[in-house]
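Take a look at the structure below.
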Amino acid sequence: MKNASIVKQLMFNALMMLGLSACSSVVELKYYQLPVPASSSENTASKDAAVLIVEPVMVANYLNTNALILQTSQVELHRTQQHQWLEALDQQLNRILVNELQAKLPETSVTTAEFAVKSATPSTQRLLVQIAEFHGTEQGMVILSGRYSWLVDGGVQLRQFRIELPQPEAGYPAMVQTMGQAVSTLSGQIAEQLKSQPQK
């Protein structure tokens with residue numbers, strides 16, 4: 001009986017140690033959102049203004065995750081366990097692009113496909129952005145690449161893009177801030193491209 005009691009005590013101690021070890025190994029998750037720049041201009045689009053419908057942003061399969069992605073070598077990508085998106089990346093991108101394009105194209109009515117029926121006009125353009133890469137690297141760079149296309153007058157225009165920006169400092173907060181800057185750069189490129197199109 002004495003031996004059995006000792007064995008039970010040892011098992012109890014072992015289970016307690018395992019429990020404490022599990023508690024101490026719990027990782028605190030940190031959540032991030034892309035920064036949304038403040039709009040610097042008012043929407044001056046008239047009721048008869050051209051309409052730009054931003055279709056839902058499409059992201060590569062590897063970006064369909066809550067985890068931030070870090071490139072650790074030329075061929076290796078790492079899904080972070082502790083650093084997570086608070087909201088789906090494609091939804092963040094869609095909202096930010098609509099807001100920034102409206103700010104950069106104040107005389108155009110920029111909307112989403114959800115409200116397309118109400119706002120469509122004969123001069124409506126449709127924009128589709130496809131993201132192939134969007135992540136940080138161990139060298140402190142942020143990469144955003146893909147293509148965007150827009151449909152107008154029955155024709156499709158297509159442009160490729162690749163944006164690389166250095167982080168101002170190390171760390172995931174700085175990486176996310178720089179990712180926001182990359183999206184702003186992309187929206188600026190799209191706005192300039194649309195402005196350069198002949199007016200009907």
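Just need a number here: residues in region 141-187 that are within 16 Å of the chain's Cα centre (by Cα) and in a strand (DSSP E or B). Outline the logic, then answer.
Applying the first criterion (within 16 Å of the chain's Cα centre (by Cα)) to region 141-187 yields 141-148, 161-165, 172-187.
If we keep only those that are in a strand (DSSP E or B) as well, we get 141-148, 161-165.
Summing the residues that are within 16 Å of the chain's Cα centre (by Cα) and in a strand (DSSP E or B) in region 141-187 gives 13.
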(request) Six or more apart or on different chains, Cβ under 7 Å: which pairs go from a residue in region 24-35 that's closer than 14 Å to Y172 by Cβ and at pLDDT 95 or above to one that's aliphatic (A, V, I, L, M) and in a helix (DSSP H, G or I)? Could you list them? (result) Y32/V176; L34/I96; L34/V176; L34/M179; L34/V183
(request) Report, by residue number, each residue of region 191-200 that is in contact with an Asp or Glu (Cβ under 9 Å, 6 or more places away or on another chain) and either part of a helix (DSSP H, G or I) or within 17 Å of L128 (Cα to Cα) (or both). (result) A191
(message) Just to be sure before I move on: is Q193 polar (S, T, N, Q) and either at pLDDT 95 or above or out of contact with any Lys or Arg (no Cβ under 7 Å at 6 or more places or on another chain) (or both) in the structure I sent?
(response) no
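Residue-wise test of (1) modelled with pLDDT under 95; (2) over 19 Å from V183 (Cβ atoms); (3) polar (S, T, N, Q); (4) out of contact with any Gly (no Cβ under 8 Å at 6 or more places or on another chain).
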residue: E107; (1), (2), (3), (4): yes, yes, no, yes
residue: T124; (1), (2), (3), (4): yes, yes, yes, yes
residue: G136; (1), (2), (3), (4): no, no, no, yes
residue: S145; (1), (2), (3), (4): no, no, yes, yes
(request) Evaluate the following for A88: is it under 11 Å from H135 (Cβ atoms) and aliphatic (A, V, I, L, M)? (result) no
(request) Out of Q74, Q82, Q9, report the one residue that is at pLDDT 60 or above, of a type outside the set (F, W, Y) and exposed (fewer than 10 other Cβ atoms within 10 Å of the Cβ). (result) Q74
(request) Could you figure out which of (1) modelled with pLDDT under 95; (2) surrounded by 14 or more Cβ atoms within 10 Å (Cβ to Cβ) isn't true of K2? (result) (2)
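The values are calculated or read from the model by the stated rules, or taken from the named source; none is laboratory data. Here the structure is a predicted model, which means the values were calculated and not measured. With ideal geometry, Cβ positions are generated from the backbone for all residues, glycine too; neighbour counts draw on all protein chains shown.
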